[in-house]
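Rule-based calculations on the coordinates, nothing more; no lab input. Bear in mind the structure is a predicted one, so any value in this text is a computation, not a measurement. Don't worry about glycine lacking a Cβ; one is built from the backbone with ideal geometry, like all the others, and counts go over all protein chains shown.
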There are 4 protein chains.
Amino acid sequence: MSRQDETYRLLSSLVLRPSRRRESSRRATLDAALALLRADGYGAMTIERIAARAGVGKQTIYRWWPSKGAVVFEALLEDLRVSLTFDDTGDLRADLTTQVTSLSRVFASPDGRHMAALIGGAQGDPDLAQALLEHWVRPRRRYAMAFLQQAKDRGQLRPDLDLEVGIDIIWAPLYYRLLLHYAPLDEAHAAAVVDAALTGLAVRSD
Amino acid sequence: MSRQDETYRLLSSLVLRPSRRRESSRRATLDAALALLRADGYGAMTIERIAARAGVGKQTIYRWWPSKGAVVFEALLEDLRVSLTFDDTGDLRADLTTQVTSLSRVFASPDGRHMAALIGGAQGDPDLAQALLEHWVRPRRRYAMAFLQQAKDRGQLRPDLDLEVGIDIIWAPLYYRLLLHYAPLDEAHAAAVVDAALTGLAVRSD
Amino acid sequence: MSRQDETYRLLSSLVLRPSRRRESSRRATLDAALALLRADGYGAMTIERIAARAGVGKQTIYRWWPSKGAVVFEALLEDLRVSLTFDDTGDLRADLTTQVTSLSRVFASPDGRHMAALIGGAQGDPDLAQALLEHWVRPRRRYAMAFLQQAKDRGQLRPDLDLEVGIDIIWAPLYYRLLLHYAPLDEAHAAAVVDAALTGLAVRSD
Amino acid sequence: MSRQDETYRLLSSLVLRPSRRRESSRRATLDAALALLRADGYGAMTIERIAARAGVGKQTIYRWWPSKGAVVFEALLEDLRVSLTFDDTGDLRADLTTQVTSLSRVFASPDGRHMAALIGGAQGDPDLAQALLEHWVRPRRRYAMAFLQQAKDRGQLRPDLDLEVGIDIIWAPLYYRLLLHYAPLDEAHAAAVVDAALTGLAVRSD
DNA sequence: CACTAATCGAGACGGTACGTCTAGTCTTAGA
DNA sequence: TCTAAGACTAGACGTACCGTCTCGATTAGTG
């Protein structure tokens, strides 16, 4: 390849980006990925099989996604459409419980296992980890942060509270149970977590 | 052979079972696994390489461990020796902070990445998941439970508190940060989590 | 995809089949097989080692040959190029002796051991047996048959003779000595066999 | 071990040789070998399986036989008991035909495939080759030689005939057909071979 | 008749190769 | 030019046997 070709290619990929990417191949790939995920589970999937089922060349997948996890995550995310937004009724405890319960239900469903597998896969796949952070973790925390900030502004939360830590305390237990299989995820647990987080474990010393 | 002999033979083969497992092979395998883990990371390891480095037949590994993850976990656990026990000075907040900080330090160290990889691997490896639950999660929670129960008995915790939920709220954030890579694990975070969990997020309504 | 397209696709895959087999891999495989055969002998060879020496993936070998024996036989046959054709000088005894001696020399050479190993291997490898029959036994017998038929037409052979049996009697002793290691193969033996076969063992009763 | 001990040991092993070999183990091994040969064929057998079926330690087999082939050959030979002796009625052609047909029948039976497998195995197993030569080939040829010598003495065979070559010509075709699978072995073929060998292929030139 | 050493069954061991699978790259024909 | 198809190198998978090596538990023959 000549120097000029190279330059052109670089420019076009960054700037012009005609993006001859064929939408039909993208769709077929994601559909196949989702179908295989639901049928066989994350571990049993391979890029080879996704390509075969999608009627798409392997190269086409490697061209547009950095790893198996990235394909599967995109497919699952597109399908999952878990609500990000909070109802803000003013009843802090109720609104939080609604939100936490909603995620808990997803985690308890078959798709919960797939999320777990993806988080698991991300431990050895930086691209997937990146995608997960960007398209799952950060948006969720952003909305939660806004919600809690409003509650704080209304004086419903301790004024000295670090909201990042608050989010950790409320949501981390769901991920813990999802990934450690210590005990099942259910609505009672979700509600109890919100309750304990808001009230605190310690007796009131004042 | 007499009937009695036969019975004896059967019993001895089932019950006494001298288990001719050779300790030297076990040691070599675990040492090799640990060395490779530290050198290349969990993802880059293979049973083949563990066997080669240990100077052990692959079959010998497959004979005694159900999966790569199980070998690595046993090796890491043996080496880690993270303290399980709590100092119980009576100062609940201080004791919890000490304990949580200690685990946080492990998670922040290189071995934290290995623990993350193992928890990740457990999502697709039931044997590893089982081992993790049995030899990591449950013992830790058992000690934490005893500790919190004593605090509760002393009247330091809310009498209506579900201690399982309490443990979740205190420790889950560490696993969350370990696995989701949202933000680094450090001592300040550990202390803030303990603090928020004990005090609660909400303003005191009374 | 239209119905016609589908039909075309099916037909082209079955009939046209461009066979994208890469000649360079075929060559490297056969060369490596021959080199290993000559160096270590048939028994000590493995598909693994052929692949390694050829710089070829194992799968590529398994894709195109049904067994180790089939690869080795193809390699040896390509290299051996034993003459099939007969000089037909009209002197039946001399021509046969020339031909039998020629094969006897091959059998007495190092390649003879390899042929023996291949015939041995064919006893438990139907694919190799098939290849041996198709590319060694049958062509040889076809030429021998044509030669003997001409001699018979010229009145040099008994008119009631079953030529298949005639071929057996002349050539089988070479295979017998090759495989049973009863006594060495040499030119004197080859000539004696031709002589005895033509003349017969019995005294002439007329 | 002292020098004297060593000497004693050597002597006793060579001379006294109490041979504590347990006949029951030998029997069980050979029976198991034969059963597996008949059930699965030579290629599918392993020393491991023979030992397991015989209820015998692998070491015991390795102690007394040099290779799988040697065990199987001993087992088959013990069971086969093909007649070695010739009826000598004076009718040379008839007696030979009887004998050749008898071996042809064995080769055409399932045990023929096993003999073929053993001859095949002998190509890569010197111990088996040795056993085959000693206990199959040589005894057979010895008897044939004696028989043909008598015929020669009676003036039924050409006085200048090399009897080794004569034996080759008569019996080799059976081995050829057994091992090359060119055409089936049947009684007609056996008779035709004897006939052609005795009479010769060529027209009588005198 | 007890002793003692070879033999036995069992099966773990270090190895090697098997045949399969998938990764990720490369080649080719066709749209 | 980009795609699908799929062949390619590479190498791990988990299994099967190899032949060697303990390990106690039988056996014989000997002392």
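With the cut-off at under 20 Å, measuring from each backbone N in the range C:146-180 to a point 7 Å along the Cα-to-Cβ line of residue D:203 picks out C:146-167. Ellipticity at 222 nm from helices only: DSSP H runs of n ≥ 4 in chain C, each -39500 (n - 2.57), divided by the residue count, give -21000 deg cm²/dmol.
Placing a label point 7 Å from the Cα of residue A:153 along the Cα-to-Cβ direction, the distances to the matching points in the other copies come to 4.8, 10.9, 12.6 nm, shortest first.
Label-to-label distances for residue A:203 across copies, nearest first, come out at 2.6, 12.9, 13.0 nm, using points 7 Å from Cα in the beta-carbon direction.
Distant-in-sequence amide contacts of residue B:157, defined by a placed amide H-H separation under 5 Å and a gap of 5 or more residues or a different chain, comprise A:203, B:152.
Listed by chain and number, the lysines placed with their C-alpha closer than 17 angstrom to that of residue A:58 are A:68; residues fewer than eight positions away on the same chain are left out.
Computed over the protein assembly as shown, the Cα gyration tensor eigenvalues convert (square root of 5λ each) into semi-axes of 81, 37, 21 Å, ordered from largest to smallest. Count Lys and Arg as plus one, Asp and Glu as minus one, and take only other residues whose Cβ is under 9 Å from that of residue D:151; the net charge is then -1. Fewest neighbouring Cβ atoms within 10 Å first, the residues B:34, A:128 line up as B:34, A:128. Considering only the other residues whose Cβ falls under 9 Å of the Cβ of residue C:196, what net charge follows from Lys and Arg at +1 and Asp and Glu at -1? With Lys, Arg at +1 and Asp, Glu at -1, the net is -2. Ascending distances from the residue C:135 label point to its copies in the other chains, with the point 7 Å along the Cα-to-beta-carbon line: 3.7, 5.1, 5.3 nm. In terms of its C-alpha gyration tensor, the range B:62-206 comes out prolate, because a/c is 1.5 or above and the ratio a/b outweighs b/c. Figure legend: label point modelled 7 angstrom from the Cα of residue B:133 along Cα→Cβ; residues of the range B:61-95 with amide N under 18 Å from it are B:66-67, B:69-71, B:73-74. Dipole size of the range A:59-206 about its Cα centre, with +1 on Lys/Arg Cβ and -1 on Asp/Glu Cβ: approximately 200 debye, rounded to the nearest 20. The length gained on full extension between residue B:88 and residue B:23, counted as 0.36 nm times the residue separation minus their Cα-Cα distance, comes to 19.6 nm.
In the range C:33-91, which trypsin sites (Lys or Arg not before Pro) fall in coil by DSSP and have 13 or fewer other Cβ atoms within 10 Å? Taking the range C:33-91 and a limit of 13 other Cβ atoms within 10 Å, the loop trypsin sites (Lys or Arg not before Pro) found are C:81. Quick one: grab the alpha carbon gyration tensor of the range D:113-190, order the square roots of its eigenvalues as a ≥ b ≥ c, and give me rounded if a/c is under 1.5, else prolate or oblate depending on whether a/b is larger than b/c. It is oblate, given that a/c is not under 1.5 and a/b is not larger than b/c. Among chain D residues, the one whose Cβ is nearest the axis of the rotation from D to A, given with its distance rounded to whole Å, is D:44, 16.
The angle between the Cα long axis of helix B:187-199 and the main principal axis of chain B comes to about 60°, on a 0 to 90 degree scale. Evaluated over the Cα positions of the range A:38-131, the convex hull gives a direction-averaged projected area, one quarter of its surface, of 7.0 nm².
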